[in-house]
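I have placed the structure first, in the form of structure tokens, so that the comments after it can refer back to it.
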Amino acid sequence: DAGVIQSPRHEVTEMGQEVTLRCKPISGHDYLFWYRQTMMRGLELLIYFNNNVPIDDSGMPEDRFSAKMPNASFSTLKIQPSEPRDSAVYFCATLAMVRGRANTGELFFGEGSRLTVL
Amino acid sequence: LAKTTQPISMDSYEGQEVNITCSHNNIATNDYITWYQQFPSQGPRFIIQGYKTKVTNEVASLFIPADRKSSTLSLPRVSLSDTAVYYCLVGDIGGFQKLVFGTGTRLLVSP
């Protein structure tokens with residue numbers, strides 16, 4: 001398996017533009033997470049899905065952020081409109097249950113999407 | 001949700017053993033303890049996971065006392081390539097709790 005695949009790797013956009021980040025999880029993984037990382041706040045959990053269903057989106061900073069998982073092999077994180085303070089590295093991570101227990105699994109991270117909003 | 005506390009940074013030299021301790025006083029019965037390593041410009045990578053006592057793999061050891069209120073990641077004979085940020089993560093995703101990372105420990109290994 002190629003691992004968690006994120007695109008784009010880098011995105012530079014202007015304030016007010018719509019940004020869509022994409023994630024292809026590892027096949028068979030039941031959970032998908034979106035994290036954001038900045039120097040000031042570290043790694044922040046934005047939202048996570050279980051079997052394509054959003055479980056907790058309390059980390060999504062504002063209504064400008066939305067995430068979807070239309071099927072088991074694809075997820076998107078959208079920011080509209082984007083603002084300079086959204087500049088960060090956005091990571092997608094997936095997790096599979098091990099021995100029937102999700103909490104014994106490990107998170108597999110993608111390489112991240114570095115977003116710069118001017 | 002158990003909150004974790006780690007030292008912000010640590011320094012070491014090549015060949016030394018490094019022990020990084022994480023405090024998680026509010027750990028719940030079903031929570032597991034997992035450690036991740038992150039290099040610049042990369043996503044975190046799983047190192048080791050445990051529930052109690054001691055766990056060892058080819059990379060590290062994890063020591064968890066009986067009360068489980070803390071854990072220690074032990075890296076034997078570190079090299080320059082072990083310079084990274086190390087995160088302690090405590091949670092039970094099976095219980096639909098969030099997997100929240102703390103601030104991590106920045107380890108610098110010098111020659």
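The values are calculated or read from the model by the stated rules, or taken from the named source; none is laboratory data. What you see is a predicted model, and the numbers here were worked out from it, not measured in a lab. All Cβ positions, glycine included, derive from the backbone under ideal geometry; neighbour counts span all protein chains shown. SASA here: full protein model, heavy atoms, side chains in, ligands and nucleic acids out. Shrake-Rupley method; radii C 1.70, N 1.55, O 1.52, S 1.80 Å.
Any idea of the accessible area per residue across the protein assembly as shown, 1.4 Å probe, to the nearest Å²?
The answer is 50 Å² per residue.
Under unit Cβ charges (Lys, Arg +1; Asp, Glu -1), what dipole magnitude, rounded to 20 debye, does the protein assembly as shown have relative to its Cα centre?
The calculated dipole for the protein assembly as shown is roughly 320 debye.
Counting only C-alpha contacts under 8 Å and six or more residues apart, can you give the relative contact order of chain B as a whole percent?
RCO, chain B: 37 percent.
Report the percentage of all Cα-Cα pairs in the range B:50-111 whose separation exceeds 19 Å, rounded to a whole percent.
43 percent
Can you give me the relative contact order of chain A as a percent, contacts being Cα pairs under 8 Å and 6 or more apart?
It comes to 35 percent, rounded to a whole number.
Any idea of the total accessible area buried by the B-A contact, 1.4 Å probe, rounded to 100 Å²?
1900 Å²
What are the ³J(HN,Hα) values, in whole Hz, obtained from phi via the Karplus relation 6.51 cos²θ - 1.76 cosθ + 1.60 with θ = phi - 60°, for each residue of the range A:20-32 in sequence order, with x given for Gly and Pro?
Rounded to whole hertz, the list is 10, 9, 10, 9, 10, x, 5, 4, x, 7, 8, 10, 9.
Provide the net charge surrounding B:Ala84, with neighbours chosen by a C-beta distance below 10 Å and charges set as Lys +1, Arg +1, Asp -1, Glu -1.
Combined, the nearby Lys, Arg, Asp and Glu give +1.
Short version: which residues of the range B:42-63 lose at least 50 Å² of accessible area, all chains versus chain alone, 1.4 Å probe?
Flagged in the range B:42-63: B:Pro44, B:Phe46, B:Gln49.
May I ask you to derive the FRET efficiency for A:Phe74 and A:Thr116 from their Cβ-Cβ distance with R0 = 30 Å, giving the value to the nearest 0.05?
0.80
Could you list the trypsin sites (Lys or Arg not before Pro) in the range B:1-104 that lie in coil according to DSSP, counting only those with at most 12 other Cβ atoms within 10 Å of their Cβ?
Of the trypsin sites (Lys or Arg not before Pro), the ones in loops of the range B:1-104 whose Cβ has at most 12 other Cβ atoms within 10 Å are B:Lys3, B:Arg77.
Can you send over the carbon and sulfur percentage of the accessible area for chain A, probe radius 1.4 Å, protein chains only?
49 percent
Pick out which of A:Asp63, A:Asp30, A:Asp86 has the largest mean-square fluctuation in a Gaussian network model of chain A, springs linking Cα atoms closer than 10 Å.
Highest fluctuation among the options: A:Asp63.
Taking the Cα centre of the range B:1-99 as the origin, how large is its charge dipole in debye, to the nearest 20, when only Lys and Arg (+1) and Asp and Glu (-1) carry charge on their Cβ atoms?
So the magnitude is around 300 debye.
Checking the a/c ratio against 1.5 first, then a/b against b/c, what shape does the Cα gyration tensor give for the range B:29-80?
oblate
How compact is the protein assembly as shown by the rule of thumb for globular proteins, expressed as Cα Rg over 2.2 N^0.38 Å?
This ratio for the protein assembly as shown stands at 1.02.
In the neighborhood of A:Ala67, defined by Cβ-to-Cβ distances under 9 Å, what is the net charge if each Lys or Arg adds +1 and each Asp or Glu adds -1?
For residues surrounding A:Ala67, the net value is +1.
Can you pull out the GluC sites (Glu not before Pro) in the range A:14-87 that DSSP calls coil and that have at most 15 other Cβ atoms within 10 Å?
When the GluC sites (Glu not before Pro) of the range A:14-87 are filtered for loop state and at most 15 Cβ neighbours within 10 Å, A:Glu14, A:Glu18, A:Glu62 remain.
Using DSSP loop states and a limit of at most 14 other Cβ atoms within 10 Å to flag trypsin sites (Lys or Arg not before Pro), what is the longest stretch of chain A containing no flagged site?
The reported range is A:42-98.
Largest first and in whole Å, give the semi-axes of chain B's equivalent ellipsoid, each being the square root of 5 times a Cα gyration tensor eigenvalue.
Taking √(5λ) for each Cα gyration eigenvalue gives 23, 15, 12 Å.
Taking the convex hull of the Cα atoms, report for chain A its projected area averaged over all directions, in nm².
7.0 nm²
Karplus couplings for the range B:65-75 from phi (6.51 cos²θ - 1.76 cosθ + 1.60, θ = phi - 60°), rounded to Hz, Gly and Pro as x?
Per residue, the Karplus-derived 3J(HN,Hα) values read x, 4, 7, 6, 7, 8, 8, 10, 8, 10, 10 Hz.
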